[in-house]
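Data block below; observations after.
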Amino acid sequence: MKKEFVISIMVFICFMVAFIFSVKITETQNNIYIRQNYIQAAEMRENNKLAIDAPSEKALEYQQKKVNIWLSGIVLSMLVPALFLFTRLSVVLRNWAQSKSRFAIIVLILYFSVYYLINAIISLPLDYYSGFVLKHAYGLSNQSIVKWVQDLLKGLILTIAAGSVFICIPYILIKRSPKYWWLHMGILLIPVIFFVTLITPVYIDPIFNKYQNLQDKKLEEKIYQLVDKTYMKDVKLFQVNKSEDTKEMNAYMTGVLNTKRIVLWDTTVKNLTEGETLSVVAHEMGHYLMGHVWKAIIFGGIVSIFIFYLVNKSALWILDKSGGIFGFNKLQDIAAVPLIILLLTVYTFAASPFINYYARYTEREADRFELELTRDNEASMSSMIKLHEKSLILPRPGLVYELWNYDHPTFEERVNFADKYRPWEKNESIKYGKYIK
Ligand SMILES: [Zn+2]
C-alpha cells in the first residue's frame, strides 16, 4: 500500500466524521429554531386557521431518529464493500463462483447474488428497525409483519434478478472498452432507465400493492373536469391500496409513453377533502405536462456519465496505489465488484445535493402549476399541512439533512409559497398559461 493511498483513506474518514458532526449540529440548531418560531405559529393559528402548527415533541424526536438511521445507512453502505475488499472476502467469493462455472457471465451472476444477499443480511436489522419498528412506534404504519416480510423478500428477489442482468453491462463494457466504458455506460443507461420507467408501473408496482381505478366516481369526474381545463391528453388515473402499509399520504406521477399515469394513495383520497385532493392531482398534472419524468431520465443519464467517469478514474488510481492489498489488480476482475459499488456509493452520495437541487426545482414548478390551475391557495395549503403533519414531517429540517435528503422544498417553504403565490389577484401573467385552456 502506497502512502498516498493510506493518506487518502484517512482524509476520507475524517471528512465523513466531520460530515456526521455537521449533520448533528445543524439538526440541533434547527430544533432550537423550530421550538422558538413555532410557538408563535400556534398563536397565529388562532386568527388564521391555515398555519403550520408547532410540531409535537414526537415529531421532533422522530426526525432525530430518521437522521440517525440515515447516517447509519450511509456508513453501512460504504463499510460493507470496504470490508469485502480489505478482508479479501471478495477474492474468496470470486474463487468460489469460478469453481462453479466456466462462463464469466455465470460467475458474475453467482458472485453478485451472494454478495447482494450477504449485504442484505447485514442491513436487515437497520431495515427492520427503520421500515417496521420505528414506523409502528410512531403510529405511521398499518403494515403487518407478514406483509413487511413479503415485501422484503419480493424486493430482494427482484433486485437480485434485475441486478444480475444489469451488472453484466458494465462488466462487458469494461472488458471491451477499458478506457471509455464509463461514457458508454452513461449513454446506455438512458434507454435502460427509460425501459425500467416504462415497465415499472405495469409490471413491478402491482407486485407490492393493488392498483385500481378511482373508487370515488364523483371525485373522478371532478378530476376529469380539472384535466379538461388543460391541454393534457389520455390521462390515466389510479388509486393504490397503500392503507394496508401506511397511514401516510401521497400521490405521484409515473411511467412514460402509454404507461404514463397519476397514482393517488387511497389514504390521500380518504383523508383529504375534494378540493385538497384536486390540488394534489393538479400538482401531479404539472409534472405530467412539463415532462418531468422524461427530463429526470435524461438528467439521470448525464449525471451517471460524470459519476462513472469518476468511478473509473478513482478505481484505476486505487488499484495502482493499493499495491495488490485486495488480492486483484484489474478492474475487469469480478472481485472488483465491491470496489465499483463502493465508489458508486461515494460519488452518488457526493452528487446527492445536486440531484436533489434539480428535483426541488421541478417540485416547486409543479406547485406553481397547481396554484395557477386551481387558484385555490387555501386547498393547497391545507392539503400540504395535512400531508406533512400526518407523516410527522417538521416544517423544515437542518440544512445538511435538507441538502442531502429533500427532493421537495421544505414543508415550510411549500406552505409559504402556496400562501403567497397569487399573480391572478394582481393581474400579473401566470407562468404556465400555455398548458391551461
Ligand atoms: Zn411532485
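Tabulated data
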| item | result |
| --- | --- |
| Hits in the range 201-233 - residues which are in a helix (DSSP H, G or I) and touching a strand residue (DSSP E or B) at 6+ places or on another chain (Cβ under 7 Å) | 201, 205, 220, 223 |
| Verdict on residue 401 being within 16 Å of the ligand (Cβ to nearest atom), modelled with pLDDT of 95 or more, crowded, with 19+ Cβ neighbours inside 10 Å and over 14 Å from residue 52 (Cβ atoms) | no |
| Failed item, numbered, when residue 51 is tested on (1) under 19 Å from residue 392 (Cβ atoms); (2) small (Gly, Ala, Ser); (3) loosely packed, with under 12 Cβ neighbours inside 10 Å | (3) |
| Residues located in the range 128-158, provided they are among the β-branched types (Val, Ile, Thr) and either within 28 Å of residue 390 (Cα to Cα) or surrounded by 16 or more Cβ atoms within 10 Å (Cβ to Cβ) (or both) | 133, 145, 146, 149 |
| Filter result for residue 316 (more than 16 Å from the ligand (Cβ to nearest atom), farther than 30 Å from residue 408 by Cβ, at pLDDT below 95 and among the hydrophobic types (A, V, I, L, M, F, W, C)) | no |
| Residue tally, condition polar (S, T, N, Q) and within 30 Å of residue 139 (Cβ to Cβ), over the range 225-246 | 4 |
| Matching entry among 335, 350, 366 (being away from the ligand (no atom under 16 Å from the Cβ) and touching a residue at least 60 places away in the same chain (Cβ under 8 Å)) | 335 |
| Test for residue 379: is it within 18 Å of residue 227 (Cα to Cα) and of a type in the set (A, V, I, L, M, F, W, C) | yes |
| Among the residues listed as 178, 170, the single one being at pLDDT below 95 and part of a helix (DSSP H, G or I) | 170 |
| Residue in the range 282-292 that is away from the ligand (no atom under 15 Å from the Cβ) and touching a helix residue (DSSP H, G or I) at 6+ places or on another chain (Cβ under 7 Å) present | no |
| Test: residue in the range 419-432 that is under 19 Å from the mean Cα position of the chain (by Cα), over 18 Å from residue 265 (Cβ atoms), aromatic (Phe, Trp, Tyr) and within 16 Å of the ligand (Cβ to nearest atom) | no |
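The values are calculated or read from the model by the stated rules, or taken from the named source; none is laboratory data. Because the structure is a prediction, the values reported are computed rather than measured. With ideal geometry, Cβ positions are generated from the backbone for all residues, glycine too; neighbour counts draw on all protein chains shown.
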